[in-house]
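The values are calculated or read from the model by the stated rules, or taken from the named source; none is laboratory data. These numbers come from a predicted model, not from an experiment. No Cβ is skipped: glycine too gets one built from the backbone with ideal geometry, and neighbour counts run over all protein chains shown.
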Amino acid sequence: MVVVLGLAAILAAVWTFDVFSESDEALMRRVQGIFAPLDVESVSADSPEFQRIAVGRKLFFDTRLSKDGTTSCASCHQPAHYGTDPNPQSLGVFKKLTPRNTQAVLNLRYHRVVHWTGDRESLEDQAIRSFTDPGGLANSTEKEALSKLSQAGYRETLASAADALALYQRTLVTKNSAFDRFLRGDIEALTKDQKNGLRQFLHLGCVACHTGVAFGAKDMIRFGLTRDYWTVTGSAPKADGQHDLGRQGVTGNSNDRNVFKIPSLRNVAMTAPYFHDGSAKDLATAIRWMGELQLDRKLTEREVHELKSFLESLTGEPPNWN
């Protein structure tokens, strides 16, 4: 679903409630009714699923499956950087830049929208298409991708390999963030600035889009509700001279102009740069630009500081990738 219309009504409803008058205890109870903590599920070592996850793990790190034999899923979704890339675009097959900023693969089990432009039906669909995607493993055909699997010693079809990859990625869940501890009843888990940042998050209406367990990733929205995003971000046009119009490139519908996935804010402090083109190099800049583009509001330095402090509380302990 694309969230474009009706946001003003949601924000108006949010602004009518004075969250700054709430006690810390009341704030905790309030957000317990809005969000839920991440849940790490263990898989028994003697289960068939455990074996399939092990296959998916191997596939994720295997460079032999790519067109150039040097690139794997982990080349762009780097464990050292919370499953993303510290560069605006990743160096993919044959060192060619990927078309968009790499999104983190952590906590994907809580994402309803998988890709920046919503052009994937599921995590399995994303996995199977990555074998031939020019921005993925870049094999020319499915036959070539299947040949690479066979040569590398896998007894997998593309579909079964994709299922194994999806299973593995669903295990990559972060845990024990300060905010999750707060949700579970530890009122001292957040600092004063983080609690105030949470109040700002509710008051300003950020929660209208960044909600649910993943703090987003459920829907899509126009990036730049108040103006074209590049007038604020300074984003460069693509090689064809046009700016990235997001989902419009998938559907051809002008109503989808500049519509992108609402990113998850889980671990966001660890995944700079931000936005589909990596145009925001740090979190404070991303927050300021979001205020202008989505809320038509110049955020104060205090608001930016408190929001940034709160978002830092969403950083969890990374999973065991091995």
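Before moving on, here are some points about what is shown:
- The range 91-105, residues that are under 20 Å from L283 (Cβ atoms) and not hydrophobic (A, V, I, L, M, F, W, C): R100, N101, T102, Q103
- I53 vs. criteria modelled with pLDDT under 95, within 24 Å of the chain's Cα centre (by Cα) and either in the same structural domain as S90 (by TED's automatic domain parsing) or not in a loop (DSSP other than H, G, I, E, B) (or both): no
- Evaluation of L59 against (1) modelled with pLDDT under 95; (2) over 23 Å from K175 (Cβ atoms) (one fails), failing number: (1)
- Those residues of the range 300-315 which are free of Cβ contacts under 8 Å to residues at least 40 places away in the same chain and among the hydrophobic types (A, V, I, L, M, F, W, C), in sequence order: V304
- Per-region count, the range 61-85, residues in a loop (DSSP other than H, G, I, E, B) and among the basic types (K, R): 1
- The range 239-272, subset in contact (Cβ under 8 Å) with a residue 60 or more places away in the chain and over 19 Å from the mean Cα position of the chain (by Cα), residue farthest from K175 (Cα to Cα): N255
- Taking the range 220-236 as the range and being in contact with a Phe, Trp or Tyr (Cβ under 7 Å, 6 or more places away or on another chain), in a helix (DSSP H, G or I) and not polar (S, T, N, Q) as the test, only V232 passes.
- Residues that are of a type in the set (G, A, S), crowded, with 17+ Cβ neighbours inside 10 Å and over 20 Å from the mean Cα position of the chain (by Cα) were ranked within the range 163-195; the one that is farthest from F131 (Cα to Cα) is A189.
- Qualifying residue in the range 256-263 (condition: closer than 21 Å to T98 by Cβ and either polar (S, T, N, Q) or at pLDDT below 95 (or both)): yes
Residues checked against (1) outside the structural domain of L108 (by TED's automatic domain parsing); (2) in a helix (DSSP H, G or I); (3) surrounded by fewer than 19 Cβ atoms within 10 Å (Cβ to Cβ):
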position: H243; (1), (2), (3): yes, no, yes
position: G249; (1), (2), (3): yes, yes, yes
position: P263; (1), (2), (3): yes, no, no
position: R266; (1), (2), (3): yes, no, no
position: A269; (1), (2), (3): yes, yes, yes
position: D277; (1), (2), (3): yes, no, no
position: A284; (1), (2), (3): yes, yes, yes
position: H305; (1), (2), (3): yes, yes, yes
position: P319; (1), (2), (3): yes, no, yes
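- Hey, A217 at pLDDT 95 or above, in contact with a strand residue (DSSP E or B) (Cβ under 8 Å, 6 or more places away or on another chain) and part of a loop (DSSP other than H, G, I, E, B) or not: yes
- Of residues in the range 210-233 being among the charged types (D, E, K, R) and in contact (Cβ under 8 Å) with a residue 40 or more places away in the chain, the one surrounded by the fewest Cβ atoms within 10 Å (Cβ to Cβ): R227
- Condition met for S150 (outside the structural domain of V268 (by TED's automatic domain parsing), surrounded by fewer than 17 Cβ atoms within 10 Å (Cβ to Cβ), among the polar types (S, T, N, Q) and not in a loop (DSSP other than H, G, I, E, B)): yes
- In the range 37-50, the residues that are loosely packed, with under 10 Cβ neighbours inside 10 Å form Cβ pairs under 7 Å with partners that are assigned to a helix (DSSP H, G or I), at six or more places apart or across chains, as follows: S44/F50.
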